[in-house]
Amino acid sequence: KRQTPKGRRRLATHLPSPLAECCVALLFHTVRAMLVGILLTPLSAVLAPGDTVTVLGASGNVGKLVALRLADTFKVRGVVRDAARARAFLGDKVSLYEADLRGDDVTAALAPALEGAQGLVVCTGTTAFPTQAWSPSGREGVSLPVLRALFDAREAGGLGAVVEAAIASLSASGFNTPTVVDEVGNYKILEAWEAAAGASRKRLVLLSSVGVQRRAEMPYPILNACGVLDAKAAAEAAIVADAAGAGYAYTFVRPGQLFGGPYDNNHYLGTLFQLDKDAETREVLLGKGDVTLNDDPQLGTLRSTLAEVIAQTLECGAGENADFTCVNAKGEFPEPAVLRERLAAL
């Protein structure tokens, strides 16, 4: 209850004036600000069991594990390019919707999958350097198109300008470059989610990467040679702004080099050679922000670990409006309760 000026004077009778008035006024305004903050905190940001969560990129090596794990708690819709291919792995636990983020009307294409969706997990992304994943179909070689684009851009200036011009040309030709997938694709996803879910939006999780906030520090300029970290940074900034305006919560999960199965999409080196962690490298390290953990920049992340971490993040409401790094190290996988405690500490 708000104190009247007369009530405040009575409260301050034991304090010397005008110091008393200043102290009481400061206390009053502090308490009022705290109460307003509590009342305005969006409690709706917490997902409930049975809420609808849409997973973009549900046919990818991480996305399919995330979708399958989330189906234990939520109603999951998976967005893929080829539902028939994804169905063999996901079975009937995930409702599948086909859409292509490179289309002209992505909002309409994603509408059925995003209608009323309270949660959204974005597992889309392309490789840092040109691979089959960059091709329009995702299954063709790109060596010749890339060399042609570099040759055509040879007079753009220095090496950096030539590469930038070549990638812009590939983007305009429908290739899955970082600009197309990691930047513009996420802009389209945000617009589509707003149109289809509106006030129902509660939580968004973006599968990002280490190095996004440290892309000027070695070795990340090498990884960013084709702009993948720049594209992810632009997407993150757009999500932060959109979440602030719409009132939903966001989380950016930052893995290291990805390891472990499934090995269906052979576009990444760790997948192509089926690189994995041994049974003694299952411990999960979490760190606030974009950080190096255990002073070891070589620590990678198991895809199965990412799926569990993302699922528990949504289940327990941890990591709201924050980003964190997730890698594996020597040791056994933590018990669910231990992992939840670590996530809650973020």
Please indicate, with yes or no, whether at least one residue in the stretch 215-235 is surrounded by fewer than 24 Cβ atoms within 10 Å (Cβ to Cβ), under 20 Å from residue 258 (Cα atoms) and among the polar types (S, T, N, Q). yes
Can you tell me which residue is modelled with the highest pLDDT among those in the stretch 256-301 that are touching a helix residue (DSSP H, G or I) at 6+ places or on another chain (Cβ under 8 Å) and small (Gly, Ala, Ser)? 300
If only one of 82, 92, 100, 72 is under 20 Å from residue 307 (Cβ atoms), of a type in the set (Asp, Glu) and free of Cβ contacts under 8 Å to residues at least 24 places away in the same chain, which one is it? 92
Quick check on the stretch 104-123: of everything there that is part of a loop (DSSP other than H, G, I, E, B) and either of a type in the set (D, E, K, R) or open to solvent by 30 Å² or more (accessible area, probe 1.4 Å) (or both), which residue is nearest to residue 45 (Cα to Cα)? 118
Name the single residue, out of those in the stretch 168-200 being farther than 18 Å from residue 99 by Cβ and not in a helix (DSSP H, G or I), that is nearest to the chain's Cα centre (by Cα). 177
Checking the conditions here, which among 311, 337, 307 is outside any loop (DSSP other than H, G, I, E, B), more than 19 Å from the chain's Cα centre (by Cα) and of a type in the set (Gly, Ala, Ser)? 337
Need pairs with beta-carbon distance below 9 Å; first residue over 17 Å from residue 321 (Cα atoms) and without any contact (Cβ under 8 Å) to a residue 60 or more places away in the chain and within the stretch 332-346, second assigned to a loop (DSSP other than H, G, I, E, B) and open to solvent by 50 Å² or more (accessible area, probe 1.4 Å); sequence gap 6+ or separate chains. 332/279; 332/280; 332/282; 333/282; 334/282; 339/333
State which residue is nearest to residue 217 (Cα to Cα) when the search covers only the stretch 281-327 and only residues that are surrounded by fewer than 23 Cβ atoms within 10 Å (Cβ to Cβ) and small (Gly, Ala, Ser). 289
Is there a residue in the stretch 142-161 that is open to solvent by less than 50 Å² (accessible area, probe 1.4 Å), in contact with a Lys or Arg (Cβ under 7 Å, 6 or more places away or on another chain) and part of a helix (DSSP H, G or I)? no
Determine, yes or no, whether residue 152 is closer than 29 Å to residue 105 by Cβ and either touching a strand residue (DSSP E or B) at 6+ places or on another chain (Cβ under 9 Å) or not polar (S, T, N, Q) (or both). no
Flag for residue 211 being in contact with a helix residue (DSSP H, G or I) (Cβ under 9 Å, 6 or more places away or on another chain), in a loop (DSSP other than H, G, I, E, B), at positive phi and crowded, with 21+ Cβ neighbours inside 10 Å: yes
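The values are calculated or read from the model by the stated rules, or taken from the named source; none is laboratory data. A quick note: this is a predicted structure, and the numbers were derived from the prediction, not measured. A quick note on method: Cβ atoms are made from the backbone with ideal geometry, for glycine too, and the neighbour counts reach across all protein chains shown. Keep in mind that these areas ignore ligands, DNA and RNA; they rest on the heavy atoms of the full protein, side chains included. Shrake-Rupley method; radii C 1.70, N 1.55, O 1.52, S 1.80 Å.
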